[in-house]
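Q: Quick one: structure below, then a few questions.
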There are 2 protein chains.
Amino acid sequence: MSFAKLDDHCRGLSALDHALSILGTDEAVNMAPGGGESRAEAMATLSGMYHRQATDPKVRDWLEAAKAEDLDPEQEIAIGELERSYVNMTCLPSDFVERKMRTSMKSEQLWRKARPKGDWTSFQPALEEVVTMMREEAAMRAEVLGLAPYDALMEQFDPGNRTASINPVFAELKAFLVDFVPEALAVQEENLSRRPLKPLSGDYPVERQKALGLAMMQAVGFDMNHGSLSVSDHPFCGGVPSDVRMTTRYRTDEFLPALMGILHETGHGLYEQNLPKDWAHWPSGKARGMSIHESQSLFVEKQIGRNPTFWRFALPLVDDHLKEAWTMEDLLPHVHQVKRGKIRVDADEVTYPLHVILRYELEQELLSGAIETKDLPEAWDAKMQESLGISTLDDPQNGPMQDVHWPSGAFGYFPSYTLGALMAAQQWATILKTNPDVDAQIGSGDFDQVNAWRRDNIWSKASTASTPDILRNATGEALNPAWFIAHLKARYGK
Amino acid sequence: MSFAKLDDHCRGLSALDHALSILGTDEAVNMAPGGGESRAEAMATLSGMYHRQATDPKVRDWLEAAKAEDLDPEQEIAIGELERSYVNMTCLPSDFVERKMRTSMKSEQLWRKARPKGDWTSFQPALEEVVTMMREEAAMRAEVLGLAPYDALMEQFDPGNRTASINPVFAELKAFLVDFVPEALAVQEENLSRRPLKPLSGDYPVERQKALGLAMMQAVGFDMNHGSLSVSDHPFCGGVPSDVRMTTRYRTDEFLPALMGILHETGHGLYEQNLPKDWAHWPSGKARGMSIHESQSLFVEKQIGRNPTFWRFALPLVDDHLKEAWTMEDLLPHVHQVKRGKIRVDADEVTYPLHVILRYELEQELLSGAIETKDLPEAWDAKMQESLGISTLDDPQNGPMQDVHWPSGAFGYFPSYTLGALMAAQQWATILKTNPDVDAQIGSGDFDQVNAWRRDNIWSKASTASTPDILRNATGEALNPAWFIAHLKARYGK
Ligand SMILES: [Zn+2]
Ligand SMILES: [Zn+2]
C-alpha cells in the first residue's frame, strides 16, 4: 500500500530531522570548541541525505498511487501536505540547488567579514550574485507553483501567504505607525518627565536568573518533562516536540532581557510541545510555518509578557528569585520602552514592523528589478528616513548589512515577523471575546484557559491547513491589522 | 571511479554514526525525561538506515571494481577493512537479523525485570532462546568467514583474535591467578595488620571533584578542545574523535571511584582523539576493536593511575582540589585493594581476569553444546569455586544473571576485557625497555613520552592491521601473559 510506504518515508525523514535538530542544539550548547569541522561535515552529509530522500522520484509515484487508495480525511490532508512539501523541494533543478548553496555560502562568509567594518563595497558584488540567483529561483518556483514570483518564495515559509492580501495590511499598518511612533514617544517622554527611568540594574547571579526563568516557563505552561533550558551565545528554541531545547544567555548586571527572551522562546516551545503526537512524523503534524510560529512566541512575549496585568503575577516571582523589590511603576517603563533605532533585532513592538515593512518592500523591488543591489544603501536610507526619520547612508553596517537573511539567500522570510505580531494580537482579541476574564486570569498566574484556546485553535492544527486558513478558522476573520493597531494604541497611545 | 564512490559511501555511514553517537550521549546527559520514546524511534530508524546503506549490494560491486583500480597502499588497506566490515555485516540473512533483534530485545527486557529478584527460572527460557540463536549465528558467520564458530563471533569485536592463541594464554593466566590471589590477599592482610585501612571518606562537593577530574584528564593528555566531561548514571566515553564525550558520576562522600573512573574513560578518550584524521570516515581510520580500546583505558587506569609513582604527582593535585591531606600510605591501600567477590564489574585487577576467563570458557561450552542453558547455575558455581572459592549457587542474581552481555546476544565479547589488560601490561613493558625513565616521568606529571609511544604505535594505527598484528608491531611479540603476570607480582606479590 502506497500510504504505508509514504508513512515509512516520512519516518525516515523525521528521524534525520530529529538528528539534525539535536545536533544543531548540541553544537550551540555542548560541543567542544574543536568539534565544529567534523560536525559541519556530518550535518552537511545528513542534510544531503535528507534532501535526496525527500526528493526521491519514487515519492511522486507513491503520492499518485496513494491518492487512489481509500483514505480517511486525516490521511488525505497528510498526503496533500506531503505533496506540497515535495513540490516545493523538487521545483528547483539539482544543479541550481548546488549553485545556490555555493553562492549563498560565499556571500554569507563575505558578509560576516565585511559587516563589522561596514564594508559595503566589497560585500555588494556577492550580494548582487545572490539577488540574481534569487530572481532565477523565484521565477522557477513561480512557474511550477503557478504563483507570482515573490509569493512563490513566501510559500516556503508560510503556505498560503500572498502579497495581494499582505500589501493592504502592511500599507495600513505603515501609515498608522509613521504617525503613531511620534505619539508613543511623546507619551513616554511625558511619563518619564513625571517619573524618571530607574535603571533595572543590580547583581543577579546566573543560577537565580535561571531558576526564575524556569519558574516563569512552567507558569505559562512549558512542560519540563519534554524540554529544558540551557545557555548559548544566540538564544533559540530547538530540539524536537518531545524534547524542546530552549536556550538563553544571561548578563549578571540585568535580568529583563534574558527573562523576556525566555518568554519569547517559551512561546515557540509551547507550540512545538503541543503539536499532535499522532502525525508527528508527517509534514501535516509539524508546525505550520514561520509566521504562525512567531505569532506563538510573540503571543507569550507581548500579549502575555508585556501585558501590565501579567506583572501582578510575575513581579513577586521576580522579587522572590532575585531578592529584589521592584515596584510596578519602576518596571513597566522598561517593559514598554519605545525607541527609534537602526537595528531591527533591537527594536520594540511599536517600531519593529517598520523595519520589517521596509525589507518587505525592498526585497520585492530587488526581485522585480525595480532597484538593483547597488541602489540599496540609498533606497534603504530613504525608507528609514520616511518611516523612522533616521539616516543610515553613512552607516551601511547598521543599514542594509545588518541582517543575515539576504546574504544567505532567504528572501520572502522577513514578513513572517510582523505577520506573527499581527496574528498574535488578532488571536488575543478573539480570546478576549469569549473569555473576558483572561486579563484577570493572567494577573493571577492562571494560563489554563488562554492555553486551552491556543491548543484547540492553533497548536493542535499543526499543518493541516494553510497559514491564512488556520488564522481564519481560529479567529473568524482574515488577517486584520486593526487588532494589532488597537493593541498598540491601548498600550502606548495617549 | 569506484574508490570515490566508496569514499562517499563511507562519508554517509560516518555521518549517521556521528549522529547516533551524539544522540546516544545526549540521551544519557541532556535529554528531557519524556523525550525517550521519540528518541528511541529516531535512533532505531537511523540505525536501520545505517544498516541498509552499509549492506547495500552496490558496495560489493564497488569493492570489486575498486580493487582493480590503481590504489596507493593506504587506499588498499582502506578497501580491505571496508570489505571486512561489509562481509561481517552481510553474512547474516536479513530475516535472521530481525529475529535476533526481537529475541535479544525480549530477553534483555526480561533480564532487567528478573535480575533484581534473582529469578533464574523465568529468565532461563529467554536466555535459552538467545543461546540457540547464537549457535545459528556463529555457524553462519563461521561458514562465510571460514573460521571456527567462536572465532567468527570474536572477529566482530577484535579482528584476528583466535581461540587457538588465546586459550594457552588464558590457561597460563588462570593457573597463575588461582595461586596468586591467595598470595596477594595474604600480603594485603599483613600490610593492613601493620597499618589499618583509613577510610577515604569525607565531604567532597561535586564541583571540586569535577575540577580535579578535569585537571587529571588534561594532565594525562586529554585535549579539552576536542572533548568534555559531564555526568550520567552510567559512566561512558562516547561522542566522536573530534569531540569525545566522557561522563562520570560523583558521590559526595568519596572521591576515588569517580577519579579512577575518569582515568579509565580518559584512556578510551585519548585513543579516539588521536586516531588519524585523514581516514576518519573510513573503517580503517576508526578504533581497532574492543580489546585494543580496553588496553588503552586500562593503560591509563592501571599502568598509570594505579602506579604508586603516579601518585607522587597526583596526590598533591587531589589535596589541592579537595582540600585534603592524604598520605601515600593512607591512599595506596585503597588504590590497590584486592577482594574476592562475585561481581565482575566490582573486581580489582588481580581477580578480574578470573571472572572473564570463566565467561570465556562457559560461552564456548554453551555455543558448542557442551553445556545447556539450564546447566549454567551449576557450571558457573563450579568455576567460581575453582577460581575464587566462592559459591553462587544460591545467588543467581550475582552469578550467571549479573551481566547484560548474554541476554542481549553479545557472545565473544568478554575476552576483550582481559585481553585489554594483558596488552596494556605488554605495552608498558615495551615502553620501559626503550624509556627506562618512564616511571620518573610519570611521577613528575610528564606524560609526553609515554603518550608519544602510544600515539606512534597504537593510536595512529587505527584499524590498518588486525588486533594481534597491531600488538605484535607495537611490542615486537605476540600476546604474552608474562608481562601482566610480572606486573601483578610486582604490585601485589610478596
Ligand atoms: Zn521567535
Ligand atoms: Zn573501558
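Q: Quick one: is residue B:142 under 26 Å from residue B:365 (Cβ atoms), open to solvent by less than 70 Å² (accessible area, probe 1.4 Å) and small (Gly, Ala, Ser)? Break it down stepwise before answering.
A: Values: under 26 Å from residue B:365 (Cβ atoms): yes; open to solvent by less than 70 Å² (accessible area, probe 1.4 Å): yes; small (Gly, Ala, Ser): yes.
Considered against the rule, which asks whether it is under 26 Å from residue B:365 (Cβ atoms), open to solvent by less than 70 Å² (accessible area, probe 1.4 Å) and small (Gly, Ala, Ser), residue B:142 comes out as yes.
Q: Does residue A:403 qualify as being within 16 Å of ligand 1 (Cβ to nearest atom) and at pLDDT 95 or above? First the steps, then the outcome.
A: Values: within 16 Å of ligand 1 (Cβ to nearest atom): yes; at pLDDT 95 or above: yes.
Yes, satisfied.
Q: A follow-up question, please. Only one of A:235, A:205, A:241 is more than 14 Å from chain B (Cβ to nearest Cβ), closer than 24 Å to residue A:297 by Cα and touching a residue at least 24 places away in the same chain (Cβ under 8 Å); which?
A: Values: A:205 fails: closer than 24 Å to residue A:297 by Cα; A:241 fails: more than 14 Å from chain B (Cβ to nearest Cβ).
Of A:235, A:205, A:241, the one residue that is more than 14 Å from chain B (Cβ to nearest Cβ), closer than 24 Å to residue A:297 by Cα and touching a residue at least 24 places away in the same chain (Cβ under 8 Å) is A:235.
Q: Restricting to the stretch A:10-34, name every residue that is of a type outside the set (A, V, I, L, M, F, W, C), touching a strand residue (DSSP E or B) at 6+ places or on another chain (Cβ under 6 Å) and either facing another protein chain (nearest Cβ under 8 Å) or more than 23 Å from residue A:98 (Cα to Cα) (or both).
A: Of everything in the stretch A:10-34, those that are of a type outside the set (A, V, I, L, M, F, W, C), touching a strand residue (DSSP E or B) at 6+ places or on another chain (Cβ under 6 Å) and either facing another protein chain (nearest Cβ under 8 Å) or more than 23 Å from residue A:98 (Cα to Cα) (or both) turn out to be A:18, A:25.
Q: Considering only the stretch A:35-44, I want to know if a residue exists there that is facing another protein chain (nearest Cβ under 9 Å), surrounded by fewer than 16 Cβ atoms within 10 Å (Cβ to Cβ) and more than 24 Å from the chain's Cα centre (by Cα).
A: Step one: of the stretch A:35-44, the residues facing another protein chain (nearest Cβ under 9 Å) are A:35-39, A:41-44.
From the residues that got through so far, the ones that are surrounded by fewer than 16 Cβ atoms within 10 Å (Cβ to Cβ) too are A:36-37, A:44.
With the extra rule that they be more than 24 Å from the chain's Cα centre (by Cα), the set shrinks to A:36-37.
Checking the stretch A:35-44: at least one residue is facing another protein chain (nearest Cβ under 9 Å), surrounded by fewer than 16 Cβ atoms within 10 Å (Cβ to Cβ) and more than 24 Å from the chain's Cα centre (by Cα).
Q: Here is a further query. Report whether or not residue A:269 is within 13 Å of chain B (Cβ to nearest Cβ), more than 16 Å from ligand 2 (Cβ to nearest atom), open to solvent by less than 30 Å² (accessible area, probe 1.4 Å) and at pLDDT 95 or above. Walk me through how you get there before you give the answer.
A: Working: within 13 Å of chain B (Cβ to nearest Cβ): yes; more than 16 Å from ligand 2 (Cβ to nearest atom): yes; open to solvent by less than 30 Å² (accessible area, probe 1.4 Å): yes; at pLDDT 95 or above: yes.
So residue A:269 passes the test.
Q: Quick one: which helices (runs of 4 or more DSSP H) lie wholly within the stretch B:22-104 and hold at least 2 residues that are of a type in the set (A, V, I, L, M, F, W, C) and within 29 Å of residue B:232 (Cα to Cα)? Give the steps one after another, and end with the answer.
A: Working: elements: B:36-54, B:57-67, B:73-90.
The helices (runs of 4 or more DSSP H) meeting that bar are B:36-54.
Q: Consider the stretch A:293-331. How many of its residues are open to solvent by less than 20 Å² (accessible area, probe 1.4 Å) and free of Cβ contacts under 8 Å to residues at least 24 places away in the same chain?
A: 1
Yes or no, residue by residue, for (1) more than 19 Å from residue B:312 (Cα to Cα); (2) open to solvent by 10 Å² or more (accessible area, probe 1.4 Å):
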| position | (1), (2) |
| --- | --- |
| B:202 | yes, yes |
| B:213 | no, no |
| B:216 | no, no |
| B:227 | yes, no |
| B:240 | yes, yes |
| B:251 | yes, yes |
| B:254 | yes, yes |
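Q: Moving on. Looking only at residues that are in contact with a helix residue (DSSP H, G or I) (Cβ under 7 Å, 6 or more places away or on another chain) and not in a helix (DSSP H, G or I) in the stretch A:110-149, which one is farthest from residue A:375 (Cα to Cα)?
A: Residue satisfying both the conditions and the ranking: A:147.
Q: Out of the stretch B:399-458, which residues are open to solvent by 10 Å² or more (accessible area, probe 1.4 Å) and within 16 Å of ligand 2 (Cβ to nearest atom)?
A: B:403, B:404, B:405, B:410, B:413, B:417, B:421
Results for (1) surrounded by 20 or more Cβ atoms within 10 Å (Cβ to Cβ); (2) within 30 Å of residue A:280 (Cβ to Cβ); (3) without any contact (Cβ under 8 Å) to a residue 24 or more places away in the chain, shown as yes or no for each residue.
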| position | (1), (2), (3) |
| --- | --- |
| B:28 | no, yes, no |
| B:33 | no, yes, yes |
| B:47 | no, yes, no |
| B:57 | no, no, yes |
| B:74 | no, no, no |
| B:78 | yes, no, no |
| B:87 | no, no, no |
| B:103 | no, yes, no |
| B:110 | no, yes, no |
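Q: Answer with yes or no whether residue A:353 is touching a residue at least 24 places away in the same chain (Cβ under 8 Å), over 25 Å from residue A:228 (Cβ atoms), within 16 Å of ligand 1 (Cβ to nearest atom) and more than 14 Å from every other protein chain (Cβ to nearest Cβ).
A: On the way: touching a residue at least 24 places away in the same chain (Cβ under 8 Å): yes; over 25 Å from residue A:228 (Cβ atoms): yes; within 16 Å of ligand 1 (Cβ to nearest atom): yes; more than 14 Å from every other protein chain (Cβ to nearest Cβ): yes.
Taking the combined requirement at face value, the residue satisfies it.
Q: Going by the structure shown, is residue A:445 more than 24 Å from residue A:308 (Cβ to Cβ), in a loop (DSSP other than H, G, I, E, B) and more than 16 Å from ligand 1 (Cβ to nearest atom)? Working first, answer last.
A: On the way: more than 24 Å from residue A:308 (Cβ to Cβ): no; in a loop (DSSP other than H, G, I, E, B): yes; more than 16 Å from ligand 1 (Cβ to nearest atom): yes.
Considered against the rule, which asks whether it is more than 24 Å from residue A:308 (Cβ to Cβ), in a loop (DSSP other than H, G, I, E, B) and more than 16 Å from ligand 1 (Cβ to nearest atom), residue A:445 comes out as no.
Q: Shifting gears a bit: Just give me the residues in the stretch A:385-397 being assigned to a helix (DSSP H, G or I), closer than 22 Å to residue A:182 by Cα and among the polar types (S, T, N, Q), in sequence order.
A: Residues of the stretch A:385-397 assigned to a helix (DSSP H, G or I): A:385-388, A:396-397.
Filter again for closer than 22 Å to residue A:182 by Cα, leaving A:385-388.
The answer is A:385, A:387.
Q: Give me a count of the residues in the stretch B:138-177 that are aromatic (Phe, Trp, Tyr) and under 18 Å from residue B:292 (Cβ atoms). Before the answer, list the steps.
A: Initially, the stretch B:138-177 is screened for residues aromatic (Phe, Trp, Tyr), giving B:150, B:157, B:170, B:176.
Applying the additional criterion that residues be under 18 Å from residue B:292 (Cβ atoms) yields B:157, B:170.
The total comes to 2.
The values are calculated or read from the model by the stated rules, or taken from the named source; none is laboratory data. These figures come from a predicted structure and were not determined experimentally. Glycine also receives a Cβ, built like all others from the backbone with ideal geometry; neighbour counts cover every protein chain displayed. Note: areas computed on protein heavy atoms with side chains; ligands, DNA, RNA excluded. Shrake-Rupley method; radii C 1.70, N 1.55, O 1.52, S 1.80 Å.
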